[in-house]
Amino acid sequence: NLQTRSLSYLLDEDRIKRMISNEQMNSQDTYTAVNMMEDLRKGIFSELYAGKEVDAYRRNLQRSFIDEAAGYVQKLKSQEDQKILKSDIIALMRGEMQGLKSDMNTRKNRSNDQLTRFHWADLIARIDAGLKIE
């Protein structure tokens, strides 16, 4: 729960909007939302990039990351929050999930641990479901 709360705090809508706004106003020397997402992806999914086994705590954190990102994209279904719909947040989250899915498809079989391989397949399915808007 602590990991999920911390991740939710980092991926908070207002925080991301402020980062995007700050980038527009102070384009030089800013830590952008894209930079943050890249750093989070590299840190949270370090086992994917290293071909290592993922323990239970890290699997939960990785699922939480996908769920948070997918939650933003799924707001397109309800169309109730016009502020999010007109911001760059959905594009940012969609891009992250698509990039992560591509990385998982490329690297998912590098681990010798069967549960880790099942985990990558599950995350790919979660990404697909999160990107599906009907």
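The values are calculated or read from the model by the stated rules, or taken from the named source; none is laboratory data. None of these values were measured; they are calculated from a predicted model. In this analysis, Cβ positions are derived from the backbone assuming ideal geometry, glycine residues included, and neighbour counts consider all displayed protein chains. SASA here: full protein model, heavy atoms, side chains in, ligands and nucleic acids out. Shrake-Rupley method; radii C 1.70, N 1.55, O 1.52, S 1.80 Å.
Quick notes on this structure:
- Rg [Å, one decimal], Dmax [Å, integer] - the chain, C-alpha atoms: 15.3, 47
- Protein accessible area in the chain, 1.4 Å probe - carbon and sulfur %: 45
- The mean accessible area for residues of the chain, using a 1.4 Å probe and ignoring ligands and nucleic acids, is 59 Å² per residue.
- Loop-located trypsin sites (Lys or Arg not before Pro) in the stretch 96-134, at most 11 other Cβ atoms within 10 Å (DSSP): 132
- Straight-distance crosslink candidates among aspartates and glutamates, where the alpha carbon sits under 17 Å from residue 75 and sequence neighbours closer than 8 are dropped: 12, 13, 14, 67, 88, 96, 128, 134
- The stretch 102-116 - phi-based ³J(HN,Hα) in whole Hz, Karplus 6.51/-1.76/1.60, Gly and Pro as x: 4, 4, 5, 4, 6, 10, 4, 9, 7, 8, 7, 7, 5, 4, 5
- Using R0 = 30 Å, the C-beta based FRET efficiency linking residue 38 and residue 114 works out to 0.55.
- For the chain, calculated [θ]222 nm from helices alone, where every DSSP H run of n ≥ 4 adds -39500 (n - 2.57): -24500 deg cm²/dmol
- Two-decimal ratio, the stretch 1-41, of alpha-carbon radius of gyration to 2.2 N^0.38 Å: 1.24
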